[in-house]
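Read the structure below first, then the notes.
The values are calculated or read from the model by the stated rules, or taken from the named source; none is laboratory data. What you see is a predicted model, and the numbers here were worked out from it, not measured in a lab. Because the Cβ atoms are built from the backbone with ideal geometry, glycine has one as well, and the counts that use them run over all protein chains shown. With ligands, DNA and RNA removed, areas are computed over all heavy atoms of the protein, side chains included. Shrake-Rupley method; radii C 1.70, N 1.55, O 1.52, S 1.80 Å.
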Amino acid sequence: MMGVPIEHYLVLSAILFVIGAYGVIIRKNLIIVLMSLELMLNSANIAFVAFSRALSDMTGHVFMIMALTVAAVEVAVGLALVVAIYMHKETLDIDVLKMLKG
Amino acid sequence: MDLNEVLKSTFLITPELSLILTGMILMVLDPFIRNRFKKELFWITALGLLIGFALNLNRFRYTESAFAGTLSLDEFTAYFNIIFIIGALLATVISRDYIEKTALKHGEYYALILFSTSGMMLLSSAREFISLFLCFEIMSVSVYILSGFNRRSPRSVESGIKYLVLGGFSSAILLYGIALIYGASGSVFLDEIASRFNMENPLYIAGTALILAGFVFKIGAFPLHQWIPDIYEGAPMTVTGFMSVGVKAAAFAVFLRVFFEGFSTLEVQWMQILWVISVFTMTIGNLAAIVQRSIKRMLAYSSISHAGYALVGIVASYGEKELGLSSVLYYLFAYTFMNLGAFGTLAYLSLKDRECEMLEDISGLWQRKPLVAIALGIFMFSLAGIPPTIGFFAKYRVFLSAIRAEFYWLAIIGILNSVLSAYYYLRVLVYAYMREEQMEFPAPQPLSAFAIAILSLGALILGIFPLYSWELAIKAAGSFIP
């Protein structure tokens with residue numbers, strides 16, 4: 001009955017997590033950084049759902065829905081701050097965030 | 001879980017609910033009030049916080065679990081809630097004048113402080129990963145907005161976006177760690193995870209490591225501390241004071257709860273890691289603070305080294321469980337007074353268009369405002385750990401517990417660091433007391449002055465008579481040790 005073994009889901013979620021982390025660290029555009037952040041949070045969600053199915057336990061699903069909400073909240077606040085940055089700098093390049101240096 | 005239990009649980013979290021309700025009332029009232037009356041919303045905030053504080057004192061009498069065991073309301077929770085509410089209350093008192101000076105918005109500011117504080121309070125009681133993660137985010141997201149609150153200032157907005165991206169990064173790491181732990185154990189409750197913990201299973205080890213990394217970030221310890229100076233420097237002064245005290249204490253609370261309750265099987269391993277982390281955190285924070293010309297940035301680096309001192313207490317609890325844990329709790333309590341006081345004084349001295357943050361900005365303080373200078377002196381002495389202030393007693397307890405637990409090197413490195421830190425704290429006082437330049441200082445602000453007086457008297461009197469508050473910390477630690 002179980003078509004795809006759980007390892008495949010876990011490998012997928014690990015790959016997505018690493019791609020997301022790479023994006024947050026390397027990319028220069030603020031919007032893409034926020035998207036990479038979403039990718040990281042959602043890769044954890046895939047792991048939750050996969051574990052939940054393998055364990056036949058609903059907690060993972062509940063956690064996934066809560067984590068989705070949190071991800072939406074983070075992106076909403078993030079976009080608001082991106083708009084505020086754009087008002088000041090007229091660019092979304094992350095290199096403009098250099099005012100705070102000791 | 002039937003209706004009766006829900007009602008009973010709801011009744012048990014009334015301190016948190018009073019904060020949340022006050023925050024909602026503020027959000028609703030805010031649009032209907034004329035601009036010049038908006039500063040009076042402060043009184044509603046203060047009332048809500050005081051009610052929460054009074055209701056929270058009840059918790060010292062019982063230990064209960066609410067909402068099917070997801071929240072544990074014990075003396076540990078009550079102790080941390082006292083720290084959060086004192087921090088939030090005094091920060092809002094100082095904020096009222098600061099917001100008025102800098103022409104920010106009152107309503108949302110207070111509501112965000114209340115929401116963030118309620119997140120911290122629930123966080124200190126969470127013993128299950130879903131509520132833990134949600135409360136973590138309630139606290140963090142409110143603080144992201146607060147640090148970017150001054151929209152007109154590019155520095156504040158920059159601090160907000162940096163905090164959001166880096167904080168989101170650490171939350172994602174934490175969430176992934178929780179996912180792995182859930183997959184390995186099949187449960188999100190800390191006690192069930194502890195009973196099923198299996199050292200052979202790599203998922204547990206990887207999950208613990210990721211969760212540790214997430215918490216180390218929030219505490220602001222080495223090697224994930226670089227975000228602290230930038231974000232503390234850019235955020236509005238009162239927000240920096242609030243988050244350096246509240247968020248840090250909340251992160252420590254949840255860290256203690258998760259690692260002592262959930263992952264105690266791996267205690268030997270993570271204690272060794274924390275030994276290294278605490279040594280580097282103290283030393284790097286101090287070395288970087290010495291070269292700073294900005295007091296705000298210096299205090300940010302010093303808050304890193306203070307996280308290191310508190311971690312010494314956690315490491316010491318490996319040998320001396322009760323003494324070590326209670327010294328951490330007491331350290332965070334003491335840190336609330338001295339650090340919020342230091343940032344509060346700087347907020348008090350800030351002008352409309354110029355934050356008081358460079359060393360030169362406070363020169364001549366003693367001639368112009370002697371009382372503020374005395375308060376600043378108490379905070380700096382306390383941060384440096386010079387008797388008879390509260391900072392001395394807290395540091396003494398932390399290092400004593402390290403010695404009792406036979407971590408001699410850790411205690412020696414800590415004490416050397418503490419001596420080193422006196423240099424940059426006292427340099428602030430050299431500028432405040434011995435320079436003659438006449439800087440421009442703002443007009444007196446009675447409410448803020450009152451809050452700063454409370455903080456400085458607290459730092460002094462609790463340092464001379466520490467035993468009552470120390471017993472409270474021992475009681476809180478006692479309720480927490482399994």
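Descriptive notes on the structure:
- Evaluation of residue B:204 against (1) under 22 Å from residue B:121 (Cα atoms); (2) more than 8 Å from chain A (Cβ to nearest Cβ); (3) among the hydroxyl-bearing types (Ser, Thr, Tyr) (one fails), failing number: (1)
- Evaluating residue B:202 against the criteria (1) touching an Asp or Glu at 6+ places or on another chain (Cβ under 7 Å); (2) open to solvent by 10 Å² or more (accessible area, probe 1.4 Å); (3) not small (Gly, Ala, Ser) leaves one unmet condition, (1).
- Residue-level analysis places residue B:189 among those that are among the aromatic types (Phe, Trp, Tyr), surrounded by fewer than 22 Cβ atoms within 10 Å (Cβ to Cβ) and either more than 8 Å from chain A (Cβ to nearest Cβ) or within 19 Å of the chain's Cα centre (by Cα) (or both).
- Residue check, residue B:276 among the aliphatic types (A, V, I, L, M), without any contact (Cβ under 8 Å) to a residue 12 or more places away in the chain and farther than 30 Å from residue B:109 by Cα: yes
- Among (1) in contact (Cβ under 8 Å) with a residue 40 or more places away in the chain; (2) in contact with a Ser or Thr (Cβ under 9 Å, 6 or more places away or on another chain); (3) open to solvent by 10 Å² or more (accessible area, probe 1.4 Å) - the single one residue B:47 does not satisfy: (1)
- Qualifying residue in segment B:253-272 (condition: part of a helix (DSSP H, G or I), within 14 Å of chain A (Cβ to nearest Cβ), in contact (Cβ under 8 Å) with a residue 60 or more places away in the chain and within 21 Å of residue B:80 (Cβ to Cβ)): no
- Selection count, segment A:59-76, where residues are within 7 Å of chain B (Cβ to nearest Cβ) and surrounded by 20 or more Cβ atoms within 10 Å (Cβ to Cβ): 5
- Lone unmet requirement of (1) surrounded by 17 or more Cβ atoms within 10 Å (Cβ to Cβ); (2) assigned to a helix (DSSP H, G or I) for residue B:318: (2)
- When each of B:282, B:271 is tested for being among the aliphatic types (A, V, I, L, M) and in contact with a Gly (Cβ under 7 Å, 6 or more places away or on another chain), the lone residue that passes is B:282.
- Among residues of segment B:140-155, those that are at the interface with chain A (Cβ under 7 Å from one of its Cβ atoms) and outside any loop (DSSP other than H, G, I, E, B), counted: 5
- Residue within segment B:259-268 that is within 21 Å of the chain's Cα centre (by Cα), at pLDDT 90 or above and open to solvent by less than 20 Å² (accessible area, probe 1.4 Å) present: no
So that you can scan it fast, the table gives a plain yes or no per residue for (1) among the basic types (Lys, Arg); (2) not in a helix (DSSP H, G or I):
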site: B:4; (1), (2): no, no
site: B:24; (1), (2): no, no
site: B:30; (1), (2): no, no
site: B:38; (1), (2): yes, no
site: B:49; (1), (2): no, no
site: B:53; (1), (2): no, no
site: B:57; (1), (2): no, no
site: B:65; (1), (2): no, yes
site: B:76; (1), (2): no, no
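- Hey, residue A:56 open to solvent by 70 Å² or more (accessible area, probe 1.4 Å) and free of Cβ contacts under 8 Å to residues at least 24 places away in the same chain or not: yes
- Inside segment B:156-179, residues that are more than 7 Å from chain A (Cβ to nearest Cβ) and either open to solvent by less than 10 Å² (accessible area, probe 1.4 Å) or over 20 Å from the mean Cα position of the chain (by Cα) (or both) make up a count of 9.
- Filter result for the condition that a residue is part of a helix (DSSP H, G or I), at the interface with chain B (Cβ under 10 Å from one of its Cβ atoms) and more than 20 Å from the chain's Cα centre (by Cα), over A:84, A:14: A:84
- Test for residue B:90: is it open to solvent by 10 Å² or more (accessible area, probe 1.4 Å), without any contact (Cβ under 8 Å) to a residue 60 or more places away in the chain, within 24 Å of residue B:337 (Cβ to Cβ) and part of a helix (DSSP H, G or I): no
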